Structures are given as structure tokens and as C-alpha cells.
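The values are calculated or read from the model by the stated rules, or taken from the named source; none is laboratory data. Predicted model only: the values in this text are computed from it and were never measured. So basically every Cβ, Gly included, is an ideal-geometry build from the backbone, and we count neighbours across all protein chains shown. Quick note on the areas: whole protein, heavy atoms, side chains included, nothing else; ligands and nucleic acids left out. Shrake-Rupley method; radii C 1.70, N 1.55, O 1.52, S 1.80 Å.
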Amino acid sequence: MKTCICCISILFFSFCVRAQEGNPFISGFEKTMPSILLGSQRTVWIHIPNSNAVNKNDGKEHYPVIFLLDGDANFNSVVGMTEFMSNAGLCPPMIVVGILHPARMSDLTFGTDRETPGVVGRGEKFMLYVEKELMPYIESNYPAASYKIFIGHSVGGLTVVNTLIHRPDLFNAYVSLDGALWWNDQQIVTEAKMALANKNYHGKALFIALANRLEKGMDTLKVQKDTTESTELIRSNLEFIKDILKNKADQLRFRYAYYENDDHSSVRLIGEYDALRFIFDYYKLRIYNSQLEDPNYKLDSLLIRHYKNISDQMGYLIKPDENQVNNLAYLMLNQKQLKKAEALFKLNIANYPETANGYDGMGDWYLANGEKAKAIESFKKTLTLKPIPETKAKLEALLKE
């Protein structure tokens, strides 16, 4: 098993993420910078939502950040996943920082393991680099929000769990994909027993994915009595999971999944997806047809409550999505539900007074309500914010009447 873990790098994907001029299909860009703490050049791959280029921190919209270990193996799948999920309203758009490792076993382990000779882990120093150099760099140069997710596979999962147990303040959510918790006679599992019994993990989330590495006829109950090296990884994870489940007073938000049809390598993709669905299970807005059809149902209040809950979960203010509200407002306007449409257009104006959408929508609402003078005023305001040809045409037609 140890040999399999050490050689996992041969399975790395060889996608290229360097930005190329004139290429509209870019998942991210590469940044190499010196690390004083590690005494070497370190490279990361960075994805910024809604941007094909380097998007600097402009003080406007900010995004949660995924810090992804073994970035060269996992970057493209996680970027594609977050783009798909955010477009489907399942999670917010997110920055993805894929960390590359010139010596992954050194970066992602701690001390030595008697069964892995020749490997000396410097995981503590690597995590200092992440905390003291990488995180501040991302926060200073890109539109990063305060919410952070840490994802790791195999020995990367070991690093994720070690960080949760010893430095839970660094991230909001932790994802361990078939983590190598066997390292150094399950040292982290032993250390976790005391931490889980004494620390409070309120506001923190952990997802664990386990692959099927069992012999035929064995299951997750029988394997716990096994003593062979080949089952050490899953046994160490199951022991850690038992300790989590019996310490519910620590308030850790936790879920795990065993994937019977996936092995150590393939579990990454499905585990990453399920982890993000779990972490953001509160994010999707659900509106029923009965609520849309009821003229007295306050859609604006529903949106305000929903985004307040998201803000509470993520620890900073997140406003109702402007396009989402605008689309709902026009749906209500087209259905002649003027009261609901008005409330939604006004909600956008209150949340985004510097953009044109809300004022243009209110202009259309005034027209539908027979208030020509107010429609003219609203369209004029729209054009001061953005030169929209359709709005200009509507205004000119009204002024000619």
C-alpha cells in the first residue's frame, strides 16, 4: 500500500492550464513565486470565476476559495465542477488554487513513518507556507472572500485531517479523499481522539470519502478486525470516523461516504462532487410553482431569508443574486403580478444601486402600471449607469408620444 501511495504521481493528469493569448477556453493561469519559509520557488494554478484572464482584487465581487492539494492532478476536474455547480445554483462561484508539489510526500506528511523509509515529512512547514505566504498572496491579489475550503487526496487527505485537528481556524470546510491516515502508526487518529473530545468545531465542516480497497467477501464491518497492511488505510479512516460520531458535542458538521465501486484513484471525482454538495447543501434556492402563482406570496421576502441564511452559514454578507432577482421580476411582470414584480425590482435597486438592471426593470414596471412620467425618469437613470440600446429606444419612443 505504501508503494501505491508514493507512486500515485504517475496517475496525474497532464492538462495544461497556462493562459494563452487569444484562447477563450482557459480554466486558469499559472503563478510561480519564491517561498521564504520553504526556501524554494513554488507554483500554483489559479482559477478566477467569470474571467479568462488574471482578475485582480478590484474591491467588487468576492468569491470563496478552494485550496486544492495535488493541484496538477485535481485542478481541472474541480474547476469544471465548481463552474457547473455554480451555474446550476448549487454553490457560489469559487476561486480554485491548485497547489503543485515538487516533493509531495515531503510536503504532505509529518515526521517519519517506519514503513516508509527515506521519507521525511515537513508538513508543518508546508502548512506555514500555506498560511503565512500563499493565503495572504491570494487575498491581496485576487477577489477572495473569507470562506475557505481545503481539499486533499491520499497523503493530501492526511494533511487536511491534520490541519482540521490541530489548526481548525485555517479553513471553514475540510475534504479528505481516501486520506492516508495510516501514516506513522495512525498518529493523527490517536491525536484526534483527544482533540475531538475537547475542542469545539462549531462552524466547521468535514467530508470524508472512502474508496473500496477490500478483498472479496469483506465489508466495512469485517475489515475493522483485519490486521493486514493492505487494509490499513480504510481501517484508520473508519477508526477516525467512529471517534467523530461519538463526539457530537464538538459541533463538527460531518458526513462520510463509502464508494463501493471506486478505487483509490477514481474516488477523487465523485468524492469532490459529493463533498461540495454537502458543504453547500443550504445554497440552492427552491421556489415552488404554488409560490410563483400566488399573487400574495412575497418572493422578495423568500429571497431575503434565503440569502440571510447563506450569509450566516458563510460568515459574510451575500446579497440576492442580481440576475436571479431580475429574471424572477420579469416573470412576475409578464404574468401581470405587478405587486410581486415591483417588490423584486426594488430589491435589486436596494442591493445594487450602482447597476442598471433594477432601474431599467422599474421603468418597464411603470410602463405596465401606466405611469409614463416615472418610466421616463427611470429609463434616464438607467442610461446614466449603462448605455443600453434597448433602454435608449424605449426612452426615445416615450419622449415622442
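Among the residues of region 225-253, just one is surrounded by fewer than 19 Cβ atoms within 10 Å (Cβ to Cβ), part of a loop (DSSP other than H, G, I, E, B) and within 24 Å of the chain's Cα centre (by Cα), namely Gln251.
Checked across region 29-46, the condition of being at pLDDT 95 or above, buried (at least 20 other Cβ atoms within 10 Å of the Cβ) and over 30 Å from Phe278 (Cα atoms) holds for at least one residue. Those helices (runs of 4 or more DSSP H) of region 46-147 in which 1 or more residues are more than 27 Å from Asp185 (Cα to Cα) occupy 71-87, 135-141. In this structure, Val54 does not qualify as closer than 19 Å to Met314 by Cα and either open to solvent by 10 Å² or more (accessible area, probe 1.4 Å) or at pLDDT 95 or above (or both).
Return yes or no: is Leu206 assigned to a loop (DSSP other than H, G, I, E, B) and either open to solvent by less than 60 Å² (accessible area, probe 1.4 Å) or of a type in the set (Phe, Trp, Tyr) (or both)?
Numbers: assigned to a loop (DSSP other than H, G, I, E, B): no; either open to solvent by less than 60 Å² (accessible area, probe 1.4 Å) or of a type in the set (Phe, Trp, Tyr) (or both): yes.
No, not satisfied.
All conditions but one from (1) surrounded by fewer than 16 Cβ atoms within 10 Å (Cβ to Cβ); (2) within 24 Å of Ile287 (Cα to Cα) apply to Gln337; the one that does not is (1). For region 184-199, a residue qualifies if it is assigned to a helix (DSSP H, G or I), touching an Asp or Glu at 6+ places or on another chain (Cβ under 9 Å) and not acidic (Asp, Glu), and the qualifying residues are Asn184, Gln186, Gln187, Val189, Ala192, Lys193, Ala195, Leu196, Ala197, Asn198. How many residues are within 13 Å of Leu292 (Cα to Cα) and either out of contact with any Asp or Glu (no Cβ under 7 Å at 6 or more places or on another chain) or loosely packed, with under 13 Cβ neighbours inside 10 Å (or both) when one looks only at region 340-351? Adding up the residues that qualify gives 2.
Taking the conditions exactly as written (closer than 29 Å to Val78 by Cβ and of a type outside the set (A, V, I, L, M, F, W, C)), does Arg255 satisfy them or not? Taking the combined requirement at face value, the residue satisfies it. Against the test of being touching a helix residue (DSSP H, G or I) at 6+ places or on another chain (Cβ under 7 Å), acidic (Asp, Glu) and farther than 30 Å from Gly80 by Cβ, the options Asp250, Asp262 yield a single qualifying residue, Asp250.
Say we look at region 271-316 and pick out the residues that are small (Gly, Ala, Ser) and over 30 Å from Asp178 (Cβ atoms); which of these is farthest from the chain's Cα centre (by Cα)? Lay out the reasoning, then the answer.
Start the filter on region 271-316 by keeping residues that are small (Gly, Ala, Ser), which leaves 271, 275, 290, 301, 311, 315.
Next, only the ones that are over 30 Å from Asp178 (Cβ atoms) stay: 290, 301, 311.
Numbers: Ser290: 32, Ser301: 26, Ser311: 14 Å.
So the residue we want is Ser290.
Set side by side, the residues Tyr174, Tyr256 differ, and just one is open to solvent by 10 Å² or more (accessible area, probe 1.4 Å) and not charged (D, E, K, R), which is Tyr256.
When Ile26 is tested against the conditions (1) modelled with pLDDT under 90; (2) buried (at least 22 other Cβ atoms within 10 Å of the Cβ), the lone failure is (2). Restricting the search to region 311-330, which residues are part of a helix (DSSP H, G or I) and either open to solvent by 50 Å² or more (accessible area, probe 1.4 Å) or without any contact (Cβ under 8 Å) to a residue 60 or more places away in the chain (or both)? Within region 311-330, Ser311, Asp312, Gln313, Glu322, Asn323, Gln324, Val325, Asn326, Asn327, Leu328, Ala329, Tyr330 qualify. Just to be sure I understand, how many residues within region 264-291 are assigned to a helix (DSSP H, G or I) and surrounded by 15 or more Cβ atoms within 10 Å (Cβ to Cβ)? Number of matching residues: 13. Assess whether Asn162 counts as being open to solvent by less than 60 Å² (accessible area, probe 1.4 Å), polar (S, T, N, Q) and under 29 Å from the mean Cα position of the chain (by Cα). Considered against the rule, which asks whether it is open to solvent by less than 60 Å² (accessible area, probe 1.4 Å), polar (S, T, N, Q) and under 29 Å from the mean Cα position of the chain (by Cα), Asn162 comes out as yes.
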